[in-house]
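Only one structure is covered here, and it is reproduced in the block below.
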């Protein structure tokens, strides 16, 4: 039985994990753990584009869509759609070839495009849900109607953290709608594996803080004095009640909390970064400052051993959800994230972190090649694009394809379960072996499915 | 675990292209040769079907590999099937997974996985199955796994009625006060364990008070109990606590965990359950009035169908009780209405079966239950009851969310109030219209001749007339805004009566046989009459659950109550009494408790009395070597478990000792209208927990629980939780150190102590310990506290001495509230 640990304490039903994960019993449920096989990536940054960016307007160019603009889709639309849609709608953006690979990227992402030789573009993702809530949950937890642990929780459960003074899983400015906390919660996995959140999407990133990590009224000296007295009381109580692991763990938890409240504000403090770095992430421009901050925080946290960090772009107006006014909406959204994402990729690379850090970009679904109204696109979970970078994936590579108009994934289809299986694989985890027994059943992130896309491994 | 989701290697695809296409060779020749047993049928199998199976299926479902434990190279293999069920059911194409899989209609079951067979081959397979699946080995007596399961499955311990065991002889006959103690002690004797000595009166009163009302004893109550040597002292305190309204608040919260109570939908669209609180208040009241548990069951499942003898209040109460069926998280933006409906039915059925019966019926939605003898047919027989029940007013329409049904609980007085209000509004509107009409006429008449009137006549009103119009309009606006809403409660009513077909793999796109509504075969047998077509059958189902005809209901609730008192159930998996659940650690004890409950008219309070006045309950948490060695997890209950308070008791106890707890009961603390968004796409946080009411009344917002709840292992409020875990994590310590709640609570506690006209530090420390811990401080603690005050006043950053003193007390009080002793009960 576990006695004490850093972030997590007390009895945990860990036997199951220990049977599956070939590692020696860790003293700490968040201690870094051995992987099933050598990991290509040690940590992951998920850049979540809430609302559903359009793949046919960004990373999945469809010449036929230009050609057949205004015509009927020559095959059936899905049986279930979110909204009424009409005829084919061409992309209002120009595409250009970039890099050695010559992959086409639209001029929505001029800065990210320069990194195209580091991107592994997954053009055939599918299988979320046609509504935001269901799709967000499916993407984050693998299930749209059951309450399941999020992928960040599974990863942290599988790998632990490399810094015992920090949480293993952090989410910055998460959206509270459409699944809210469920998207980064641990469900039935022990509480240690749920994300620690900083701020919420409606808040400016500069105000985002880990909750309760700072005392507004009591000085550090007085707090030290309090903790010393608390320790005396708790030890006297322990002497009388007899040894008990929960009581002992709780004594230690206050000491760890004291260290955490020292460390976290330091990481949150971006003033330590050079002007050059700040401008690399766009902190010096109003339009990119907010998302840039999140990306820079992400780098600072992963540098210090956080395992899974999610950054959310969720413009409070309509996010990437352009049912209408696609042109202006996507322009505004892309402008906010393009430079910071490119900055993050540059920075990770120059620090040698990109090699073993996996970056995942994308939304909960893509958008239809057919128009909603005259100038919008509906949700499309049938085939859309996400991309990976770093951490053992092929760069300058496109995997899978949608049909010639971009409606359905048709080639090397990558279901969300496959995406999850592949991400776990890159992190050195066999998705079929990472299980947790709950209510008498073994659960997995990938449920009963999931296929690793071997072709994308570098 | 998917049966046939292996992927044929690419080369098979090419091989396939070279198979001669046997277009003309339809099997069914003149004499219907495919009929089972016929030679021609077997020939057809040999010439057409076996080669097809060999080519496309054997690689993964043959001699070498058996993906999903399925073999298609033998008759027995096909009939018995694999993990997902029978691959072939002769003549039943809709139930044969083989036919479904090759048809590619079910998203989760498509075989061969990479490429669909040509239509002609699919047609052949279908025809072969439809014709009875003729096969050379068909004379073999292959018994489907299903039947085997049912017969053997009934022998499982929890599917048999509870049995009275003779009261066992025990090592310490004087120790036992009731049957409970004898069964418990007998289990300890079997393992050469001795029960821990009785706890002190102080420990016992704290344990008892927290257990029954979720609050600590007052210093006075603890002192009185400590002095009371009369034999019925414990019984009297128990009665007092059970009679206090705080008892219902405490135990309702336990039940709310089980029924996944929440004030918001959560899941995909987090909108307010504006009337859920009525159900919560119903539960508090049911517990306080000690409603028999069988009635409690019937009301929650079928309250709308119970006769109420013209008693309107009772009828409304019963309608409100059916909120139980509607409280679940729903995917309200699901564009696929049929899927949404089936998901809701699934959630209802699974919650109901787990909360009352401890069976995991939801597992049988997509396939026969893999571990318990419950079939898909059983599932859809029960699901039909809820298909025939109205839970939703409508499903999602484009641009709107699905809307759950609410039953009106408006009294005549409510209607009168609303009508009166409407009359007033109409009168006020008429007055506006009349005023405009007459003023317009007057203004226009006053215009000089030949002047064309302006488009907006009101623009030329006199200032006085404008003011008058504004004030009249304001009355209308006020009346509109204050229009009373007729009260309604989440709940259900009878819908259109219908039977459901088995949904193969859980999908309504692949339907099997229609199953009439009935009870599971496991409990009611295969010969039972199905429900008639005039009602949903919900009342019958409820009556059966609430009866002693079934083996589970009394055991499941008795075990839950045991768990809430002792920290672990006699069956550890409180919500699963099936094969994957744990076995009871002491079945004679559990069965005794279950039967005791049944015999005492299902009185929950009576069961509490039996439990808390037992010697078993009164044990201390004292460790002993034999116990620790033999049973380190204390499953046999040889001592009391040390337990951390639940989230709401932590908060309530802090508010209580600091004198801030607002004890008013019932009602809603929501700031939102019914169905209003807690969180929309803007992610603005509209929750508010600014209240000093007991925690049970704070809004339970799914996906965004109140910090105290989130941190201290609250139920997830979205699924059945009979056993909360108790974690110890650093963010809890951060909360204890740095949260505004802790700052204000410790300040309030300090103020109440110091303002109590007592200025002597020693006396205040005494009071603090009595209030927080129900005891005096030890000499060491006393000295430590004094030293702390000295040092803290020295460092404190304040001008005046009095302020420094107050700050030091606040800091000391915070330490007391943070301490292990405050939030752990022995």
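Among the residues in the range A:211-231, are any facing another protein chain (nearest Cβ under 8 Å), under 16 Å from the mean Cα position of the chain (by Cα) and in contact (Cβ under 8 Å) with a residue 24 or more places away in the chain?
No; the residues of the range A:211-231 include none that is facing another protein chain (nearest Cβ under 8 Å), under 16 Å from the mean Cα position of the chain (by Cα) and in contact (Cβ under 8 Å) with a residue 24 or more places away in the chain.
Just wondering, is there one or more residues in the range B:114-124 that are more than 18 Å from residue B:80 (Cα to Cα), at pLDDT 85 or above and within 42 Å of the chain's Cα centre (by Cα)?
Yes, because at least one residue in the range B:114-124 is more than 18 Å from residue B:80 (Cα to Cα), at pLDDT 85 or above and within 42 Å of the chain's Cα centre (by Cα).
Is at least one residue of the range B:150-169 closer than 16 Å to residue B:614 by Cα and not assigned by TED's automatic domain parsing to the domain that holds residue B:523?
yes
So is residue B:451 at pLDDT below 95 and either over 30 Å from residue B:100 (Cβ atoms) or touching a strand residue (DSSP E or B) at 6+ places or on another chain (Cβ under 6 Å) (or both) or not?
Judged against the criteria, residue B:451 is a match.
With the structure loaded, tell me whether residue A:246 is over 24 Å from residue B:267 (Cβ atoms) and in contact (Cβ under 8 Å) with a residue 40 or more places away in the chain or whether it fails that test.
Judged against the criteria, residue A:246 is a match.
Residue-by-condition table, conditions (1) touching a helix residue (DSSP H, G or I) at 6+ places or on another chain (Cβ under 6 Å); (2) crowded, with 22+ Cβ neighbours inside 10 Å; (3) away from chain A (no Cβ under 14 Å):
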| position | (1), (2), (3) |
| --- | --- |
| B:692 | yes, no, yes |
| B:696 | yes, yes, yes |
| B:712 | yes, yes, no |
| B:722 | yes, yes, no |
| B:732 | yes, yes, no |
| B:739 | no, no, no |
| B:745 | yes, yes, no |
| B:750 | yes, yes, no |
| B:755 | no, no, yes |
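List pairs: first in the range B:286-312 and closer than 10 Å to residue B:543 by Cα, second surrounded by fewer than 20 Cβ atoms within 10 Å (Cβ to Cβ) and at pLDDT 95 or above, Cβ under 6 Å, 6+ apart or cross-chain?
If the second residue must be surrounded by fewer than 20 Cβ atoms within 10 Å (Cβ to Cβ) and at pLDDT 95 or above, the pairs left are B:302/B:539.
Table: residues versus (1) away from every other protein chain (no Cβ under 14 Å); (2) surrounded by 24 or more Cβ atoms within 10 Å (Cβ to Cβ).
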site: A:352; (1), (2): yes, no
site: A:355; (1), (2): yes, no
site: A:363; (1), (2): no, yes
site: A:372; (1), (2): no, no
site: A:385; (1), (2): yes, yes
site: A:395; (1), (2): yes, no
site: A:405; (1), (2): yes, no
site: A:411; (1), (2): no, no
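Say we look at the range A:183-205 and pick out the residues that are at pLDDT 85 or above and assigned to a helix (DSSP H, G or I); which of these is nearest to the other protein chains (Cβ to nearest Cβ)?
Filtering the range A:183-205 for residues that are at pLDDT 85 or above and assigned to a helix (DSSP H, G or I), the one nearest to the other protein chains (Cβ to nearest Cβ) comes out as A:183.
Conditions: (1) part of a loop (DSSP other than H, G, I, E, B); (2) surrounded by 13 or more Cβ atoms within 10 Å (Cβ to Cβ); (3) within 14 Å of chain B (Cβ to nearest Cβ). Residue A:243 meets all but one. Number of the miss?
Residue A:243 satisfies every listed condition except (2).
Got a sec? Which of B:163, B:80, B:91 is within 37 Å of the chain's Cα centre (by Cα) and at pLDDT below 90?
Values: B:163 fails: at pLDDT below 90; B:91 fails: within 37 Å of the chain's Cα centre (by Cα).
After ruling out the rest, the residue left standing is B:80.
When the range A:144-158 is examined, which residues are found to be in contact with a helix residue (DSSP H, G or I) (Cβ under 6 Å, 6 or more places away or on another chain) and facing chain B (nearest Cβ under 10 Å)?
Within the range A:144-158, A:144, A:145 meet the criteria.
State which residue is nearest to residue A:332 (Cα to Cα) when the search covers only the range A:56-106 and only residues that are without any contact (Cβ under 8 Å) to a residue 24 or more places away in the chain and touching a helix residue (DSSP H, G or I) at 6+ places or on another chain (Cβ under 8 Å).
This residue is A:96.
For the list (1) within 24 Å of residue A:378 (Cβ to Cβ); (2) more than 10 Å from chain B (Cβ to nearest Cβ); (3) assigned to a loop (DSSP other than H, G, I, E, B), I need the number of the one condition that residue A:161 fails.
Evaluating residue A:161 over (1) within 24 Å of residue A:378 (Cβ to Cβ); (2) more than 10 Å from chain B (Cβ to nearest Cβ); (3) assigned to a loop (DSSP other than H, G, I, E, B) leaves (1) as the failure.
Output the residue which, of all residues in the range B:628-679 that are within 14 Å of chain A (Cβ to nearest Cβ), at pLDDT 95 or above and assigned to a helix (DSSP H, G or I), is nearest to residue B:728 (Cα to Cα).
If we take residues in the range B:628-679 being within 14 Å of chain A (Cβ to nearest Cβ), at pLDDT 95 or above and assigned to a helix (DSSP H, G or I), then B:647 is nearest to residue B:728 (Cα to Cα).
Report, by residue number, each residue of the range A:349-363 that is in contact (Cβ under 8 Å) with a residue 60 or more places away in the chain and closer than 18 Å to residue A:306 by Cβ.
Listed by number, the residues that qualify are A:354, A:356, A:357, A:358, A:359, A:360.
Can you spot a residue in the range B:259-273 that is part of a helix (DSSP H, G or I) and in contact (Cβ under 8 Å) with a residue 12 or more places away in the chain?
Looking through the range B:259-273, none of the residues is part of a helix (DSSP H, G or I) and in contact (Cβ under 8 Å) with a residue 12 or more places away in the chain.
State which residue is farthest from residue A:165 (Cα to Cα) when the search covers only the range A:249-269 and only residues that are free of Cβ contacts under 8 Å to residues at least 40 places away in the same chain and either facing chain B (nearest Cβ under 8 Å) or touching a strand residue (DSSP E or B) at 6+ places or on another chain (Cβ under 7 Å) (or both).
A:251
Residues checked against (1) in a helix (DSSP H, G or I); (2) surrounded by 16 or more Cβ atoms within 10 Å (Cβ to Cβ):
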position: B:451; (1), (2): no, no
position: B:454; (1), (2): no, no
position: B:459; (1), (2): yes, no
position: B:465; (1), (2): yes, yes
position: B:476; (1), (2): yes, yes
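A quick yes/no check of all residues on (1) closer than 28 Å to residue A:109 by Cα; (2) in a helix (DSSP H, G or I); (3) modelled with pLDDT of 90 or more:
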| site | (1), (2), (3) |
| --- | --- |
| A:222 | no, yes, yes |
| A:236 | no, yes, yes |
| A:249 | no, yes, no |
| A:282 | yes, no, yes |
| A:291 | yes, yes, yes |
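Out of B:514, B:502, which single residue is outside any loop (DSSP other than H, G, I, E, B) and crowded, with 19+ Cβ neighbours inside 10 Å? Explain how you work it out, then say what you get.
Details: B:514 fails: crowded, with 19+ Cβ neighbours inside 10 Å.
B:502 is the lone residue from the list that is outside any loop (DSSP other than H, G, I, E, B) and crowded, with 19+ Cβ neighbours inside 10 Å.
What's the number of the condition residue B:583 fails, among (1) in a helix (DSSP H, G or I); (2) within 14 Å of chain A (Cβ to nearest Cβ)?
Unmet condition: (1).
So for the range A:421-428 (the condition being buried (at least 21 other Cβ atoms within 10 Å of the Cβ) and part of a loop (DSSP other than H, G, I, E, B)), does at least one residue qualify?
For the range A:421-428, residues buried (at least 21 other Cβ atoms within 10 Å of the Cβ) and part of a loop (DSSP other than H, G, I, E, B): present.
Return the only residue of A:130, A:167 being within 12 Å of another protein chain (Cβ to nearest Cβ) and closer than 30 Å to residue B:729 by Cβ.
It is A:167.
Among the numbered conditions (1) surrounded by fewer than 21 Cβ atoms within 10 Å (Cβ to Cβ); (2) within 12 Å of another protein chain (Cβ to nearest Cβ); (3) touching a residue at least 12 places away in the same chain (Cβ under 8 Å), tell me where residue B:578 comes up short.
Answer for residue B:578: the failing condition is (1).
Go through (1) more than 28 Å from residue B:317 (Cα to Cα); (2) modelled with pLDDT under 95 and name the single condition residue B:429 misses.
So the condition that residue B:429 fails would be (2).
Do we find that residue B:815 is at pLDDT 95 or above, surrounded by fewer than 18 Cβ atoms within 10 Å (Cβ to Cβ) and either at the interface with chain A (Cβ under 7 Å from one of its Cβ atoms) or at positive phi (or both) in this structure?
no
The values are calculated or read from the model by the stated rules, or taken from the named source; none is laboratory data. Computed from a predicted model, the values in this text were never measured in an experiment. Note that we place each Cβ from the backbone using ideal geometry, even for glycine, and neighbour counts take in every protein chain shown.
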